[in-house]
Amino acid sequence: MYQDKIEEIKAAIAAADANTAEELEAYRMEFISKKSVVGQLFGMMGQIPNEEKRAFGQLVNGVKNLADEKFQALIEKVNSSTSKSKSREIDLTLPPSNQQLGSIHPLTATRQRIIEIFERIGFNLSEGPEIEDDWHNFTALNFPENHPAREMQDTFFIEKNPDIALRTHTSSVQVRVMENQKPPIRTLSPGRVYRNEAISARAHCIFHQVEGLYVDENVGFADLKNTLYHFAKEMFGKGTKVRFRPSYFPFTEPSAEIDITCLICGGKGCNVCKGTGWVEIGGSGMVDPNVLENCGIDSKKYTGFAFGMGIERITMLKYQIKDLRLFTENDARFLKQFSPLMT
Ligand code: PHE
């Protein structure tokens, strides 16, 4: 009668199949493990009459071998069909794959260098929101009610009445700092700004500025000039000269545009500087007393200077990049040329 049982098990082994690791394990439990049907056959030996033990043993071993062979076959089948096993087929003789390392974005490298230069002369860092209200972006900065910069063509408004807009310059951070801190204030505020301008090689609707603000007793225009002379030499090299051109901003008086000697022609005049030998990097001036008062600072006691420079502009001059759109196109061939060591 055990012959029937054994035939039954052989048939079951022949019919068994496995396509996954789980099914393989189920097969092992059913036919290979100690508690499996085959394992149980060995346990029956005690009940078999002595004269039949030898024949029984041979039969049971035969089943066991059959179960083992089938198990090996199923293992191979499952291994060759799952990706897990494919990943195990590593060819150690292959050369290593080329690991692409990332690089610092040129604008980040420039921003870091600017921060480093000003931190060494006592400026701390501050920041403000990119979504601003009218007060911080315009009114506190002494913009007259009808100033063209408030109008739609320059500013991305998010809400009207009360006006909420994407900040058009980092000067809004000046206001936030002066409202919250007492002089002496020496702060640098790098950040993203937005203007409704057509995108071209020289302009973008999103770009970066770095704002500087220094408020204390007896701060004068000579301090502004010397600070920016120092910056230009550190950033662009010893021979770089700075020129201040009279200008107008509602929040500074007097105001001046900051030019540096053209790095392309060294001041001789070329098409980048349009033959003048000078290129503009930002605006500056003495903080208008109205702005100090708007922010709760006594303008009889304190004076200050401020400047705002374009980070794209500085980066383009430093690395002689001709098209500002390259910064946002994410072409790795362009971006990976800039390492922090270059700054
Ligand atoms: N906010 C001015 C601009 O965006 C630059 C500026 C900053 C001018 C600080 C004077 C003082 O053009």
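Just so you know, all these numbers are worked out from the coordinates, no wet-lab data involved. Here the structure is a predicted model, which is why all the values come from computation and not from measurement. Virtual Cβ from ideal backbone geometry, glycine too; neighbours counted across all protein chains shown.
Pop the C-beta distance of Leu66 and Ile90 into the FRET formula with R0 = 41 Å and round what comes out to the nearest 0.05. Numbers along the way, then the final one.
Numbers: r = 34 Å, r/R0 = 0.83.
The pair Leu66/Ile90 has a calculated efficiency of 0.75.
Is the C-alpha gyration tensor of the range 112-210 telling us rounded, prolate or oblate? Criteria: a/c under 1.5 is rounded; beyond that, a/b larger than b/c is prolate, otherwise oblate. List each step's numbers first, then the result.
Values: a/c = 2.56, a/b = 1.35, b/c = 1.89.
Oblate, because a/c is 1.5 or more while a/b does not exceed b/c.
Quick one: in the chain, what % of C-alpha pairs are over 35 Å apart?
Numbers: 28513 of 58653 pairs.
Percent of Cα pairs beyond 35 Å in the chain: 49.
Mind giving me the FRET efficiency for Ser81 and Ala12? R0 is 35 Å, r the Cβ-Cβ distance, nearest 0.05 is fine.
Values: r = 23 Å, r/R0 = 0.65.
So the FRET efficiency works out to roughly 0.95.
Testing the spin-label approximation: label points 7 Å from Cα along Cα→Cβ at Ile121 and Arg243. State their distance in nm.
Simple spin-label model gives 2.1 nm for this pair.
Which of the lysines could a cross-linker span from Lys35 if the Cα-Cα distance has to be under 30 Å and same-chain partners fewer than 8 positions apart are dropped?
Lys5, Lys10, Lys53, Lys64, Lys70, Lys77, Lys84
What number results when the radius of gyration of the range 178-231, computed over Cα atoms, is divided by 2.2 N^0.38 Å?
Working: Rg = 15.3 Å, N = 54, 2.2 N^0.38 = 10.0 Å.
Normalised Rg, Cα atoms only: 1.52.
The range 98-183: which GluC sites (Glu not before Pro) are DSSP loop and have at most 11 other beta-carbon atoms within 10 angstrom? Write down the numbers at each step before the final one.
Numbers: sites: Glu116, Glu119, Glu127, Glu130, Glu132, Glu145, Glu151, Glu159, Glu179; in loops: Glu127, Glu130, Glu145, Glu151.
Here the sparse-neighbourhood loop sites are Glu145, Glu151.
Please give the charge dipole size of the chain, origin at the Cα centre, charges +1 on K and R Cβ atoms and -1 on D and E Cβ atoms. Round to the nearest 20 debye.
Details: 41 positive and 45 negative charges, 286 e Å.
My answer is approximately 1380 debye.
Along Cα→Cβ, 7 Å out, is where each label goes; now give me the distance between the ones at Glu52 and Gln100 in nm to one decimal.
7.3 nm
Would you please give the residues with an amide H less than 5 Å from that of Ala256, counting only those at least 5 places away or on a separate chain, with H modeled from the backbone geometry?
Placed amide hydrogens put Ser247, Ser284, Gly285 under 5 Å from Ala256.
How large is the convex hull of the C-alpha atoms of the range 2-89 per residue, in Å³? Spell out each step's value before the answer.
Values: hull volume 7.3 nm³, N = 88.
Spread over its residues, the Cα hull of the range 2-89 gives 83 Å³ apiece.
Please compute the length gained on full extension between Ala198 and Glu151, using 0.36 nm multiplied by the number of residues separating them and subtracting their Cα-Cα distance. Walk me through the numbers on the way to the answer.
Numbers: separation 47, 0.36 × 47 = 16.92 nm, distance 1.57 nm.
Answer, rounded to one decimal: 15.4 nm.
Name the cysteines of the chain that stand alone by the Cβ rule: no other cysteine Cβ under 4.7 angstrom.
Cys205, Cys295
Where both partners of a DSSP beta bridge lie in the chain, what percent of those bridges are antiparallel, to the nearest 5?
Values: 43 of 45 bridges.
Rounded to the nearest five, the antiparallel share is 95 percent.
If N is the number of residues in the range 156-267, what value comes out of its Cα radius of gyration divided by 2.2 N^0.38 Å? Before the final figure, lay out each step's value.
Numbers: Rg = 16.5 Å, N = 112, 2.2 N^0.38 = 13.2 Å.
The range 156-267 yields a ratio of 1.25.
What is the Cα radius of gyration of the range 186-343 over 2.2 N^0.38 Å, N being its residue count?
The range 186-343 yields a ratio of 1.13.
Which aspartates and glutamates, if any, have their Cα less than 20 Å from the Cα of Lys225, not counting same-chain residues under 8 positions apart?
Glu116, Glu119, Glu211, Asp216, Glu217, Glu234, Glu253, Glu257, Asp259, Glu280, Asp288
May I ask which of Lys233/Lys336; Lys241/Lys268; Lys182/Lys300 have a Cα-Cα span longer than 18 Å here? Walk me through the intermediate numbers first.
Working: Lys233/Lys336 26 Å; Lys241/Lys268 13 Å; Lys182/Lys300 14 Å.
The pairs that break the limit, which is 18 Å between Cα atoms, are Lys233/Lys336.
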